[in-house]
Every structure is written in C-alpha cells, then in structure tokens.
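Just so it is clear, none of the values below were taken in a lab; they were calculated from the coordinates. Given the structure is predicted, the values throughout are model-derived calculations rather than measurements. Counting neighbours? That spans all protein chains shown, and the Cβs are built from the backbone with ideal geometry, glycine included.
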Amino acid sequence: MAEKLVPVVRADEEEAEEEELVDPQQQLREVCSQKPDAQNLWSKYQECNNRVTSRSKTTETCEEELIDYIHVLDKCVNKDLFKRLK
C-alpha cells in the first residue's frame, strides 16, 4: 500500500549520466607548461636530472630546478584558477 502513496520518479538516461568533472587546475597546468618560461625551466630541470642520474655517486639534487619550475607554473595557474572555480 505504501508503494501507491509514494510516487516513483525515474530520470531519463540522458539526465542520469553525470557530467564528467574536469580539474581546472590540471587544465591550466597543461596550458602553462607550454609557455616559454616554463619550458626553459623544465629543460634546466631535465638537464640536471640527466646529470644526476648519470652519476653513481653525487650529492647534487635537482630540488632548486624543480622548485623554480613549479613556482613559475603555479604563478601562471593562479592568475586564472579562481575564475574557473564554481
């Protein structure tokens, strides 16, 4: 009897499919990583990484190069990120 009192509503197939969420930060990072400043710093990081991995004993790390790259990338992303958030 309770089934007759409570209406059953079914969503259409089109409405039932949820829109795939896209991370705007990830999208912006991809765009920003193609800019010349970021490309230059990525190259420096890769050179350092190749140098370090080619040696068996070294105290050199590529931390500074990586931090510089991420700093430029984040600065670029932050300009537009909050405009895209809902």
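With a cut-off of 11 Å between beta carbons, the residues surrounding LEU41 carry a summed charge of -3, where Lys and Arg count +1 and Asp and Glu -1. Note on ASP23 and ILE70: their simple-model spin labels are 1.3 nm apart, each label 7 Å out from Cα toward Cβ.
Can you compute the FRET efficiency between LEU85 and GLN39 using 1/(1 + (r/R0)^6), with r the Cβ-Cβ distance and R0 = 30 Å? Round to the nearest 0.05. For LEU85 and GLN39, the calculated efficiency is 0.65.
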